[in-house]
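The values are calculated or read from the model by the stated rules, or taken from the named source; none is laboratory data. Keep in mind that this is a model prediction, so the values were computed, not measured. Ideal geometry is used to build each Cβ from the backbone, glycine not excepted, and the neighbour counts take in all protein chains shown. Calculation scope for accessible area: heavy atoms of the full protein, side chains included, ligands and nucleic acids excluded. Shrake-Rupley method; radii C 1.70, N 1.55, O 1.52, S 1.80 Å.
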Amino acid sequence: MKKFYYITCIATLAIIGLQLFYIHSLYVNYCSVLHQKAEEALVLSLDKEFSLRKGKRPSDKSGEAVLQIESFHLDLDGARDRMPGASTGDVLQQIRQDFAMERGLTLELSLLDSIYSSAIKGLFDYSLILYDRNKQPVEVAGAADTLSADFSSVLHPIGTHGYQYIQVKTSVLLSPFIREEAWALFLSVAFMAIACITLLFQFIVIRRKTRLLNKQEESVNGTIHDLKAPLNSAITVMSYLAMTVKEQSVQEIVRLSSQNLKHLVSNIDSLLIMARRNRKKLVLNRTEVNIRTLVEQVKTELDILYQEKPHQIIIVPPADTPILAYVDYMYMENVLRNLMENAIKYADDNVKVTVDATVDNHSLHLSVSDNGWGISPSDLKKIFEPFFQVPQEHNLPKKGYGIGLTQAKYIVEEHGGRIGVQSERRKGSCFTIIIPC
Ligand code: ADP
């Protein structure tokens, strides 16, 4: 369930991220177009301002002669040298500026400001800055804060002598951007909102369903647990009967029934362990356990349970060698029973099961190997997953629920250990366990 949460969250975040990236690209694109417009508008406005300035009579202000182009000495080569790389048109334009400036008609910033302002039609805030020959600002017009401007144009020279320069600095306004890209922005925001609402809705539904499922699970687990009490009483009665009944054949029936009941109780325990697996940590009651005795006990039970199926269980450590490990007796019995029973179940008749156990370097090493059907490499990756069962050949009836190995892995890992398997089709399998103890 957690995985599902993460995947949905990541997918939603990816959608939101992509949309934000899209909006950002729109904005960047809008800004670059605007910056280009700011430059172009400045060049055009300079032209216009020059035309208007040229029409004025300097004598009106200073009493000098009327502006006359004939009296101006046209030094085109010198101007070209002073403006390397500029086109002839630009050079001529700047020569005209020289001509006007020489006659006292210098650039009028307020006039340029009003021309520029009507050219850009309120698309952005700007400042026009006039610089002197040392490129020091001498006059500023316009509304933008020159320090926080997001774009500064190059310094445009006025005339070829570098007596004056003009520069525009702009701050992009959000409202024209929103107006221009209204539809794209609306669709993007709507898309993000839909993704968020869907995610929220899914979370609410999942939470409700999880709560319901937990309640159902708890009641099923409670019922399963309650089944154990009558079964245990029946086992006790059976044991009593087995001791008191004299007749051999009845004794055998009672013993078999008792073993089947124990098997049922152990299946119930498995189901309860599985139910606890996702929620709580296993509470281990570690004691010193003789693994050799434990293996023998499981062997005895399985020999009775599988007396119809010829098999052989070999316990490697000699009978008089205690293999002492600090583990939970009940859970370890469960693990051993799962592995040893699987070895008999998933094999033809006359299977040979070998159980080996040693303790060294403060670790219990346990292995259960068989010469049964074996498991293919592709199935081997999945056998510890809950409810996974290897598809059997010839549609043989299923022999379990696919929880034994999941449960064994869980118990071993709760002991701080690890479980592994090696197997080959039609050759057999070997399950190994290492538990620090
Ligand atoms: P089940 O309750 O079905 O036995 P397990 O989790 O114990 O579930 O095992 C999962 C699957 O792994 C089984 O269905 C079986 O096909 C395969 N398996 C387990 N142990 C062995 C083995 N010793 N030899 C061959 N196959 C095995």
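Is there any pair with a first residue in the range 10-37 that is under 16 Å from Asp150 (Cα atoms) and open to solvent by less than 50 Å² (accessible area, probe 1.4 Å) and a second that is of a type in the set (D, E, K, R) and part of a helix (DSSP H, G or I) whose Cβ atoms are under 8 Å apart and which are 6 or more apart or on different chains, and what are they?
Tyr30/Glu180
Within the range 400-435, work out how many residues are more than 30 Å from the chain's Cα centre (by Cα), part of a strand (DSSP E or B) and within 13 Å of the ligand (Cβ to nearest atom).
Going through the range 400-435 one residue at a time, the tally reaches 9.
Kindly indicate whether Thr354 is modelled with pLDDT of 95 or more and either among the polar types (S, T, N, Q) or assigned to a loop (DSSP other than H, G, I, E, B) (or both).
Criteria met by Thr354.
Only one of these conditions is not met by Tyr131: (1) open to solvent by less than 60 Å² (accessible area, probe 1.4 Å); (2) over 16 Å from Gly162 (Cα atoms); (3) within 57 Å of the chain's Cα centre (by Cα). Which number is it?
The number of the failed condition is (2).
Take Gly372 and decide whether it is part of a strand (DSSP E or B) and of a type outside the set (Lys, Arg).
For Gly372, the condition - part of a strand (DSSP E or B) and of a type outside the set (Lys, Arg) - is not met.
For the structure I just gave you, tell me whether Ser378 is outside any loop (DSSP other than H, G, I, E, B), near the ligand (Cβ under 10 Å from one of its atoms) and either open to solvent by less than 40 Å² (accessible area, probe 1.4 Å) or of a type outside the set (Lys, Arg) (or both).
Details: outside any loop (DSSP other than H, G, I, E, B): yes; near the ligand (Cβ under 10 Å from one of its atoms): no; either open to solvent by less than 40 Å² (accessible area, probe 1.4 Å) or of a type outside the set (Lys, Arg) (or both): yes.
The answer is no for Ser378.
Does Tyr326 fit the bill of being more than 8 Å from the ligand (Cβ to nearest atom), within 29 Å of Ala275 (Cβ to Cβ) and hydroxyl-bearing (Ser, Thr, Tyr)?
It is true that Tyr326 is more than 8 Å from the ligand (Cβ to nearest atom), within 29 Å of Ala275 (Cβ to Cβ) and hydroxyl-bearing (Ser, Thr, Tyr).
What tally of residues in the range 134-147 results from selecting those that are part of a loop (DSSP other than H, G, I, E, B), open to solvent by 80 Å² or more (accessible area, probe 1.4 Å) and either touching a His at 6+ places or on another chain (Cβ under 6 Å) or without any contact (Cβ under 8 Å) to a residue 24 or more places away in the chain (or both)? Give the steps one after another, and end with the answer.
If we filter the range 134-147 for residues that are part of a loop (DSSP other than H, G, I, E, B), which is where we start, we get 134-136, 143-147.
Still in the running and open to solvent by 80 Å² or more (accessible area, probe 1.4 Å): 134-136, 143, 145, 147.
Of the ones still in play, those that are also either touching a His at 6+ places or on another chain (Cβ under 6 Å) or without any contact (Cβ under 8 Å) to a residue 24 or more places away in the chain (or both) are 134, 136, 143, 147.
Number of matching residues: 4.
Taking the range 338-375 as the search range and keeping residues that are under 41 Å from the mean Cα position of the chain (by Cα) and more than 11 Å from the ligand (Cβ to nearest atom), which one is surrounded by the fewest Cβ atoms within 10 Å (Cβ to Cβ)?
Asn361
Looking at the range 359-379, I want the residues that are free of Cβ contacts under 8 Å to residues at least 24 places away in the same chain and have a partner that is of a type in the set (A, V, I, L, M) and within 10 Å of the ligand (Cβ to nearest atom) with Cβ atoms under 7 Å, at least 6 apart or on another chain. Which pairs are those?
Pairs found: Asp379/Val390.
Just give me the residues in the range 148-172 being touching a strand residue (DSSP E or B) at 6+ places or on another chain (Cβ under 8 Å), open to solvent by 50 Å² or more (accessible area, probe 1.4 Å) and outside any strand (DSSP E or B), in sequence order.
Scanning the range 148-172 gives Ser148, Asp150, Val154, Leu155.
Exactly one condition in (1) more than 21 Å from Gln307 (Cβ to Cβ); (2) surrounded by 15 or more Cβ atoms within 10 Å (Cβ to Cβ) is not met by Arg208; state its number.
Unmet for Arg208, out of (1) more than 21 Å from Gln307 (Cβ to Cβ); (2) surrounded by 15 or more Cβ atoms within 10 Å (Cβ to Cβ): (2).
Criterion first (among the aliphatic types (A, V, I, L, M), at pLDDT 90 or above, in a helix (DSSP H, G or I) and over 30 Å from Val33 (Cβ atoms)) does Leu185 satisfy it?
Criteria not met by Leu185.
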